[in-house]
Each structure stands twice: as structure tokens, then as C-alpha cells.
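Taking it in order: structure first as C-alpha cells, then the write-up.
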Amino acid sequence: MQVSEVPRAVAAAMSAASSVGLRVDDAILLQDSNKLTLRLLPCDVLARVAPVGDQVAQFEVDLAQRLVGAGCPVAALDPRVEPRVHERDGFVVTLWTYYEPVAPGEISAADYADALARLHAGMRQLDVPTQHFTDRVEQAQRLVAHRGRTPALADADRELLGDTLRGLKRAVGERGGAEQLLHGEPHPGNLISTEHGPLFIDLETCCRGPVEFDLAHAPEEIGAHCSGVDRDLLRDCRLLVLAMITTWRWDRGDRLPDGRRLGTEWLGRIRAALDRKGLNSHG
């Protein structure tokens with residue numbers, strides 16, 4: 001979110017929570033990316049704030065309710081207020097349960113894999129209209145092709161990313177495997193450790209596709225704990241996802257700390273992976 005918009009976004013969150021009877025004296029910024037994540041005190045609610053024109057808040061609210069109802073390990077909306085989207089001063093605000101982090105320490109690979117398996121099992125029960133994973137790949141392709149949005153991307157790197165995204169989207173899509181509703185980005189940043197166990201957050205990226213596309217976002221050791229995985233498909237999905245997240249790092253509006261360095265490092269990893277497959281014709 002633009003720095004100039006942050007004070008208004010915080011005020012919108014505080015106003016929305018106050019309007020439904022929650023006491024709000026302070027807001028602690030937890031994350032600032034395409035939306036703000038705030039902890040509101042003393043009511044202790046998690047508020048997510050996004051510009052009106054750049055959000056899928058209603059989809060996320062509806063899906064979270066259905067997944068919690070299906071017993072999935074996902075963060076829940078705050079039970080004290082009506083589950084809905086609040087609009088204030090050009091922003092949309094949603095109010096979620098705040099989960100106090102448990103003792104420091106990484107979630108084990110087995111627990112991570114179990115949480116993802118339970119999420120997928122619950123998602124298979126739902127019929128939810130949503131984008132296909134290839135739609136998300138095409139978003140990355142459009143960004144690569146848009147020189148105005150990726151001005152620092154060298155021509156050879158632009159060609160490398162474009163060819164990789166196009167070729168792997170086709171390769172993964174042509175496998176014709178089973179597809180279902182997916183989280184879309186179940187990476188470690190979207191899995192929190194709570195006293196209720198690991199819970200997934202940030203459902204706005206949900207899409208349909210093979211489970212290997214979701215697994216490609218998780219650390220490599222997670223796949224070893226999952227049964228029924230197509231290892232070749234997972235390998236292609238990992239490289240496809242790497243090309244996608246590399247593309248985001250070259251967006252001139254990207255705000256990930258150290259993002260440009262990561263983008264350069266990941267371009268090298270893509271070249272190395274394609275060299276191993278004998279597919280890299282770019283220097």
C-alpha cells in the first residue's frame with residue numbers, strides 16, 4: 001500500500017471496528033503489502049485493509065466461513081461481530097480473530113504437510129467459482145510483457161521469464177491430472193503457528209488446479225510427507241512458481257524487502273534449472 005494511504009487505511013480499520021461495538025484505542029501494524037494487516041487494541045482483533053478497487057474481500061470472507069465450517073485449518077473471522085466487509089473512506093476492512101503466536105520455532109514438516117492435506121480435503125468438498133491457476137500465470141505473463149511496469153528487467157531476463165512461464169503453463173496444463181480448489185499460495189508466510197495448531201491465512205489467492213501447484217509453494221521437504229504426489233508434475237510446478245514469484249519482484253511497485261536482490265538470485269536459479277533440463281537457450 002502507498003505510504004501516503006497508510007494513515008487513512010489505519011483510521012478506516014479503527015472506525016470499522018468501533019462501529020460494531022469493539023473498543024479500539026490503538027492499532028499495531030503487522031504487515032504492509034498489497035493490503036494492511038493490523039492488530040487493533042484493546043479489543044484484540046486482526047483487521048485487514050485494502051483499497052476498494054483492489055481487493056477480493058467478500059470472496060475471502062465467504063470462503064473462510066465455509067472452510068471453517070468444513071473443519072479446515074484456516075484462520076477464522078472474529079466471532080464477536082457479523083462476518084461482513086466494511087467500507088470506509090475508499091477502503092474495505094475485514095475483521096478476523098487475532099491468534100497469539102505460540103513459542104518460537106518452525107512448524108515441523110509433518111505438521112505442515114498434515115495441515116495442507118486437511119485443507120485440501122476440506123476444499124474438495126466445496127464448489128466455489130474461482131480463477132484457474134493458469135489465470136495467475138497469465139497475470140505474471142502480462143507483467144513480463146509490460147515494460148512500463150517492469151522497466152529494470154533486462155531484455156534477456158524478460159525473454160527467459162516469458163518463455164519459462166509460457167512453456168511450463170502449457171506443460172502443467174497438458175498433464176490432465178485431477179484438479180480442485182487450492183489455497184494458491186500456501187507458503188510459510190501464510191501459515192501461522194497457534195495454540196490451535198497450524199492455520200492458513202490469506203485466502204485471496206485461491207484458484208483451481210492440481211495439488212502439486214500448491215505444494216510447489218511449500219518448502220521442498222513438505223512434499224516428502226505427502227502421498228499420491230506426481231513428482232514430475234511437482235518439479236515443473238516448482239519451476240513455474242519460481243518464475244511467477246521472480247516476475248513479481250521486478251514489478252516497479254513491489255515492496256518486498258530486498259525484493260530486487262531476490263529477483264536477481266531467482267533468475268539465476270531458473271537458468272540453472274533449465275540448464276539441467278537442457279532447455280535454456282538464453283545467456
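The values are calculated or read from the model by the stated rules, or taken from the named source; none is laboratory data. Everything quoted here is computed from the prediction, not taken from an experiment. Backbone-built Cβ (ideal geometry, glycine too); neighbour counts: all protein chains shown. Remember, those area values only see protein heavy atoms, side chains included, never the ligands or the DNA or RNA. Shrake-Rupley method; radii C 1.70, N 1.55, O 1.52, S 1.80 Å.
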Given Gly263, Gly189, which one is buried (at least 19 other Cβ atoms within 10 Å of the Cβ) and either touching a Gly at 6+ places or on another chain (Cβ under 7 Å) or in a helix (DSSP H, G or I) (or both)?
-> Gly263
Quick one: His217 ticks every box in (1) modelled with pLDDT under 95; (2) part of a loop (DSSP other than H, G, I, E, B); (3) within 28 Å of Ala64 (Cβ to Cβ) except a single one, so which number is it?
-> (1)
Selection count where residues are out of contact with any Phe, Trp or Tyr (no Cβ under 8 Å at 6 or more places or on another chain) and without any contact (Cβ under 8 Å) to a residue 24 or more places away in the chain, scope the range 77-105 | 5
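So for the range 116-123 (the condition being on the phi > 0 side of the Ramachandran plot and at pLDDT 95 or above), does at least one residue qualify?
Among the residues of the range 116-123, not one is on the phi > 0 side of the Ramachandran plot and at pLDDT 95 or above, which makes the answer no.
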Pairing a residue in the range 163-177 that is of a type in the set (Gly, Ala, Ser) with any residue that is buried (at least 21 other Cβ atoms within 10 Å of the Cβ) and not in a helix (DSSP H, G or I), where Cβ atoms lie under 8 Å and the two sit 6 or more apart in sequence or on different chains, gives Gly177/Pro210
Tally the residues that are more than 23 Å from Gln131 (Cα to Cα) and either surrounded by fewer than 18 Cβ atoms within 10 Å (Cβ to Cβ) or hydroxyl-bearing (Ser, Thr, Tyr) (or both), restricting the search to the range 193-225.
-> 10
Can you pull out the residues in the range 226-248 that are of a type in the set (D, E, K, R) and open to solvent by less than 30 Å² (accessible area, probe 1.4 Å)?
-> Asp236
Filter result (part of a loop (DSSP other than H, G, I, E, B) and of a type outside the set (S, T, N, Q)) within the range 23-46 | Arg23, Lys35, Cys43, Asp44
Of these, Ser33, Ser4, Ser19, which one is closer than 30 Å to Arg249 by Cβ, small (Gly, Ala, Ser) and open to solvent by 50 Å² or more (accessible area, probe 1.4 Å)?
-> Ser4
Determine whether the range 127-146 contains at least one residue that is free of Cβ contacts under 8 Å to residues at least 40 places away in the same chain, in a helix (DSSP H, G or I), under 25 Å from Ala50 (Cα atoms) and of a type in the set (Lys, Arg).
-> yes
Would you confirm whether any residue within the range 59-72 is open to solvent by 10 Å² or more (accessible area, probe 1.4 Å), of a type in the set (S, T, N, Q) and in contact (Cβ under 8 Å) with a residue 40 or more places away in the chain?
-> no
Working carefully through the options Arg149, Arg166, Arg88, Arg118, find the one that is touching a Ser or Thr at 6+ places or on another chain (Cβ under 9 Å) and either surrounded by 15 or more Cβ atoms within 10 Å (Cβ to Cβ) or of a type in the set (Ser, Thr, Tyr) (or both).
-> Arg88
Which residues, counting only those in the range 36-45, are open to solvent by 30 Å² or more (accessible area, probe 1.4 Å) and in contact with a Phe, Trp or Tyr (Cβ under 9 Å, 6 or more places away or on another chain)?
-> Arg39, Asp44
